[in-house]
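Worksheet for the structure shown next.
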Amino acid sequence: MSPDLPILPAPPRADRGEMFRIAMNLTLFSALAAAILGGVWLATERYAAAARLAGEKRAIGELLGLGESAEVTEVEQFMAAAAREVVYRAHAYGDDAGPVRTVTFSFEGELRGREDLAAPAAAPAGGGAEAALEPLGRMFVARQDGALAGFVVEGEARGYKNRIRFFVALDSAFQVAGVRVLEHEEDPGLGAEIATPWFEGQYIGRSAGDVAKLTVTKDPMPEDWRAALAGLARTPVADWRAKHGALLAREGPKPIYAVTGATISSRALTDGLRTTVDHFRRRWALLGPQLAEGA
Amino acid sequence: MSVEPVPAAAPSAGELIRNGILTENPVFRLALSLCPAVAVTTNVTNGIALGLAVLAVQVLSSVTVALTRTRIHPRVRIPVYTLIIAVWVSAIDMTLAAFAPAVYAQVGLYVKLIVAFAIIISRLEMFASRYPLVPSFWDGLGMGLGFLFALMVIGALRELLGNGSILGFQLTPAKPLLFFALPAGGFFSIALLMALFNRIERMMGGTGAPSGGGSHGV
């Protein structure tokens, strides 16, 4: 690599035939690139979808401390703005071909209809007469040995740069069982710390009523609390809560300690949780009985 | 179509590796791809992850260009190089998402940005388009390793000073100089390390002045 490498000579002025060859050359390479990328996509998409599903399933299981025998129902929420309706589709999680129950409410919370189908009908977002359905996120209802084990609700918050997508797990008494940040674009080393156990763990054990009033403080986090939260990465949540009962009782009524240098990200997640938990409580009051009946 | 003035003899593998890591280190000597070098190096782990991804894209792109260089029309070589880089970046992106979701969760954000890294296209233009397969492979490997090395060193300095930790292991109770974890600290870190690199180069009898690069692109 000597610095006196010859510079490519300027090509002669292109005539028409030359221009055609240039265009064909670029077209050929573009077509090859498209073919290769299509091939890679075909080869990997199945595994990528499976990896996403496996990641979500693992997160739900860990958040609620579910065993192998747990049954999880996925509830997708849609809004039909034109008809002023909210539509819920419930089916066994990970099973896109099984029975589906559709429940429709008006915006005012009045039941508009309930329908059980043995197999999913064509895409719910039908065109034509039925106005387009806008997805409003998902929630998961987990049952273990016939009893309600808890809920996982998908939520979104406006982060420092882009949206933060998260799961919040609630037990059957609407107490926070855990929080998991799934996707975010916060700054590595700063805002990205919200996706670590020591930050996510601060929400554990707070009731839905507490979450509704939750604030963020810039005070430094006490060392013993930080050390205990770091242990969450290695311990199942139930064991961890049993072990640190005294600390949880001391810190439970306090605000969330912000990540140093990332107060905006810390507030964003806290605000997002507040909205998500609040919406879920009100929706579940209507939806819960409709899903339980005849199921 | 080929207007190639092929340089006499290709440098040896050892020379090319040494060249990429030290003599023409992409970050410290050529001052290329400084944006990602500042953006992702808040800790060592990120630096290593992105460095490895760049290494893979650099080697694969250099090899592809070396193999197809006689078929690329010189007038559209830059778009074609960009296309080749984009294909490899997307392929790696999709493969990571499918088979290494845990790694993808960490570096997915940065992998897509590699398409625009100046260091990769500059190696294609400066080297792979003029040399056959084998030396192009070694050049790509050397430059990729040089970039990986640079990102590791910057990441280590910033994580140590900004966070008081190395590879996530906390060494000091508090964050000693948070400034170094912030974007502005990245510039200072790179400047300090670049000065150190120049100093070492001079002590070893070199000129101490960057020999190439020029374009301070992404």
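The values are calculated or read from the model by the stated rules, or taken from the named source; none is laboratory data. Note that the coordinates shown come from a computational prediction; the quantities given were computed from them, not determined experimentally. Positions of Cβ are generated from backbone atoms using ideal geometry, with glycine treated the same way; all protein chains shown enter the neighbour counts. Side chains included, ligands, DNA and RNA excluded: accessible areas come from the protein's heavy atoms. Shrake-Rupley method; radii C 1.70, N 1.55, O 1.52, S 1.80 Å.
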In order through the stretch B:141-151: 3J(HN,Hα) via Karplus (6.51 cos²θ - 1.76 cosθ + 1.60), integer Hz, x for Gly, Pro: 5, x, 5, x, 5, x, 5, 4, 4, 4, 5
Under unit Cβ charges (Lys, Arg +1; Asp, Glu -1), what dipole magnitude, rounded to 20 debye, does the stretch B:13-203 have relative to its Cα centre? 340 debye
Excluding residues on the same chain fewer than 8 positions from B:K112, give the lysines whose Cα lies under 28 Å from its Cα. A:K57, A:K161
Relative contact order as a percentage, the stretch B:13-203, C-alpha pairs under 8 Å and 6+ apart, gives 37 percent
What is the average number of partner chain Cβ atoms found within 10 Å of a Cβ in B:88-99? 5
Nearest-20 debye value, chain A charge dipole, Cβ charges on Lys, Arg, Asp, Glu: 420 debye
Simple Cβ-charge dipole of the protein assembly as shown, Lys/Arg +1 and Asp/Glu -1, about Cα centre, in debye nearest 20: 1060 debye
Using the Kirkwood formula over every pair of different C-alpha atoms, what hydrodynamic radius in Å results for chain A? 22.5 Å
Which of rounded, prolate or oblate describes the stretch A:158-295 when judged by the alpha-carbon gyration tensor and an a/c cut-off of 1.5? oblate
Students often forget the sequence filter, so: which lysines lie under 18 Å Cα-Cα from A:K254 once same-chain residues fewer than 8 apart are removed? A:K213, A:K218
Summarise the accessible area of the stretch B:25-92 (1.4 Å probe, protein heavy atoms) by the percent that is carbon and sulfur. 71 percent
Top positive-direction residue, dipole computed over the protein assembly as shown with Cβ charges, set B:V111, B:I200, A:A157: B:I200
In whole Å, how far is the Cα centre of the stretch A:66-95 from that of the stretch A:266-295? 12 Å
In the neighborhood of A:A228, defined by Cβ-to-Cβ distances under 11 Å, what is the net charge if each Lys or Arg adds +1 and each Asp or Glu adds -1? +1
Solvent-accessible area per residue for the stretch B:13-203 (1.4 angstrom probe, square angstrom): 40 Å²
B:F137: accessible area at probe 1.4 Å, nearest 10 Å²? 70 Å²
So, relative contact order of chain A in percent, Cα under 8 Å, 6 or more apart, is 14 percent
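Assuming a ≥ b ≥ c are the square roots of the Cα gyration tensor eigenvalues, decide whether the protein assembly as shown counts as rounded (a/c under 1.5), prolate (otherwise, with a/b larger than b/c) or oblate.
oblate
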For peptide A:23-30, compute the average count of partner chain beta-carbon atoms within 10 Å of each residue's beta-carbon. 5
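Tell me whether chain B comes out rounded, prolate or oblate; compute the Cα gyration tensor, take square roots of the eigenvalues as a ≥ b ≥ c, and use a/c under 1.5 as the rounded threshold. Mind dumping the intermediate values first?
Numbers: a/c = 2.34, a/b = 1.42, b/c = 1.64.
Oblate, since a/c reaches 1.5 and b/c is not below a/b.
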Taking A:K57, A:K218 and ranking on accessible area (1.4 Å, protein atoms only), highest first, one gets A:K218, A:K57
Shielding score for B:41-47, defined as the mean number of other chain Cβ atoms within 10 Å: 2
Furthest towards positive pole of dipole, B:I78, B:L171, B:F187, structure part the stretch B:76-212, Cβ charges: B:F187
With unit charges on the beta carbon (Lys/Arg positive, Asp/Glu negative), name the residue among B:G14, B:P132, B:A39 whose Cα is farthest towards the positive pole of the charge dipole of the stretch B:13-203. B:P132
For the stretch A:144-295 the mean separation of alpha carbon contacts under 8 Å (6+ apart) over residue count, i.e. relative contact order in percent, is 27 percent
Just from its helices, what would the mean residue ellipticity at 222 nm be for chain B, if runs of 4 or more DSSP H residues each count -39500 (n - 2.57) and the sum is divided by every residue, rounded to the nearest 500 deg cm²/dmol? -18500 deg cm²/dmol
So if I take the centroid of the Cα atoms in the stretch A:8-61 and the same for the stretch B:32-81, what is the distance between those two points in Å? 16 Å
Tell me the accessible surface of B:M126 in square angstrom (1.4 angstrom probe, heavy atoms of protein chains only), to the nearest ten. 80 Å²
Percent carbon-and-sulfur accessible area, chain A, ignoring ligands, DNA and RNA, probe 1.4 Å: 56 percent
